[in-house]
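These notes concern the structure reproduced below.
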Amino acid sequence: MPFTLEYTLDISRKNREIFKGFLKTISLKDLNKIPAGFNNNIIWNIAHVIATQQVLVYILSGVKPRVSSEFIEMYRKGTKPERDISQEELVEICELLSITIDHTATDYVAGVFNEFKEYTVSTGSTLSNVDDALAFNNFHEGIHLGSVLALRHAIGLV
């Protein structure tokens, strides 16, 4: 089955709208809460999907990411929350959920993803091109949606 950019990014946008809904309906205090048995929180999971998408799509393609290197370093694989997120950072994360997907669509159509450094993800799948990265990214975001749902339950919001 051939890759379809429109379909893949439509799923990405739907995932991101779900994440935005959490950011808009859960208090900042609860977004920052790390319940017993967990090593991260809701806001970290949501920011992590933004950082990971930038690594998978932009960095592996040799293209400058659309978010700061500091943002990527704070939320990339292997990190955990080091401090509570401020209201200003929450607003930025909420905005980045949409604009990073919009930028990706624009950049893809403009043909900026010409090269790709093959990468094997932790599940054992090998990403060979940007299309693989975009498809895998939706799987990755689904995993973190599950984490957010579990965290909501663990802090007593469900």
message = Given the criteria over 24 Å from Leu28 (Cα atoms) and either over 14 Å from the mean Cα position of the chain (by Cα) or surrounded by 15 or more Cβ atoms within 10 Å (Cβ to Cβ) (or both), does Arg66 qualify?
response = yes
key: Residues satisfying the stated conditions in region 84-106, i.e. closer than 30 Å to Phe3 by Cα and either of a type in the set (Phe, Trp, Tyr) or without any contact (Cβ under 8 Å) to a residue 24 or more places away in the chain (or both)   = Glu95, Asp102, Thr106
request  = Would you please name the residue that is least open to solvent (accessible area, probe 1.4 Å), looking only at residues in region 99-118 that are charged (D, E, K, R) and within 23 Å of Phe19 (Cβ to Cβ)?
outcome  = Asp107
note = The residue that is farthest from Lys80 (Cα to Cα), considering only those in region 9-47 that are of a type in the set (Ser, Thr, Tyr) and open to solvent by 10 Å² or more (accessible area, probe 1.4 Å), is Thr25
request  = Answer with yes or no whether Val49 is in contact with an Asp or Glu (Cβ under 6 Å, 6 or more places away or on another chain) and aliphatic (A, V, I, L, M).
outcome  = yes
Candidates Leu56, Leu96, filtered to the one that is assigned to a helix (DSSP H, G or I), surrounded by 11 or more Cβ atoms within 10 Å (Cβ to Cβ) and in contact with a strand residue (DSSP E or B) (Cβ under 9 Å, 6 or more places away or on another chain) = Leu56
remark   = Flagged pairs (Cβ under 6 angstrom, 6 or more apart or on separate chains; first in region 126-149, at negative phi; second part of a helix (DSSP H, G or I) and open to solvent by 50 Å² or more (accessible area, probe 1.4 Å)) are Asn138/Ile11
Residues (within 16 Å of Glu95 (Cα to Cα) and without any contact (Cβ under 8 Å) to a residue 40 or more places away in the chain) located in region 18-36 = Gly21, Thr25
key: Flag if Leu149 is crowded, with 17+ Cβ neighbours inside 10 Å and either modelled with pLDDT of 95 or more or in contact with a strand residue (DSSP E or B) (Cβ under 7 Å, 6 or more places away or on another chain) (or both)   = no
key: Single condition Val121 does not satisfy, out of (1) in contact with a strand residue (DSSP E or B) (Cβ under 7 Å, 6 or more places away or on another chain); (2) surrounded by fewer than 13 Cβ atoms within 10 Å (Cβ to Cβ)   = (2)
Test for Ser69: is it over 18 Å from Gly142 (Cα atoms) and among the hydroxyl-bearing types (Ser, Thr, Tyr) = yes
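The values are calculated or read from the model by the stated rules, or taken from the named source; none is laboratory data. Not measured: the values here are computed from a predicted model. All Cβ positions, even for glycine, are placed from backbone atoms using ideal geometry, and neighbour counts span all protein chains on display. Protein only, heavy atoms only, side chains kept; ligands, DNA and RNA dropped before computing areas. Shrake-Rupley method; radii C 1.70, N 1.55, O 1.52, S 1.80 Å.
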